Amino acid sequence: MNNNESIKVTVIIPTYNEERSIIKTIEHLETFLVDANFSYEIIVVNDGSVDKTVKLLSECKSNFILINHENNQGYGA
């Protein structure tokens, strides 16, 4: 496939207590996807973090969808 504009990429990032790295992870990923000229969406699934992960995500200016589980449910959820 030669036309990157037609590529739709969905990236799902499961997260639990990732206050130290989640914002940089999203920013680096978004930069890569934009530079690659991909059509994309980023979905962050917070699995009941008890640190500042949700607060940081709510303040983040990057373009992503947040799915927030209030309680930790593990990988199966």
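The values are calculated or read from the model by the stated rules, or taken from the named source; none is laboratory data. From a predicted model like this one, the values you see are computed outputs, not experimental measurements. Please note: Cβ atoms are built from the backbone with ideal geometry, for glycine as well, and neighbour counts cover all protein chains shown. The protein model used for the area step is the full one, side chains on, heavy atoms only, and it has no ligands, DNA or RNA in it. Shrake-Rupley method; radii C 1.70, N 1.55, O 1.52, S 1.80 Å.
Annotations for the structure displayed:
- For the range 37-51, filtering for residues that are open to solvent by 50 Å² or more (accessible area, probe 1.4 Å) and of a type in the set (A, V, I, L, M) leaves 1.
- Tabulated pairs, the range 9-26, first closer than 11 Å to Thr53 by Cβ and in contact (Cβ under 8 Å) with a residue 24 or more places away in the chain, second part of a strand (DSSP E or B) and polar (S, T, N, Q), C-beta under 7 angstrom, 6+ apart or interchain: Thr15/Asn46; Ile22/Thr15
- Restricting the range 52-66 to residues that are of a type in the set (A, V, I, L, M, F, W, C), within 16 Å of Asn17 (Cβ to Cβ) and touching a residue at least 24 places away in the same chain (Cβ under 8 Å), the residue that is surrounded by the most Cβ atoms within 10 Å (Cβ to Cβ): Leu57
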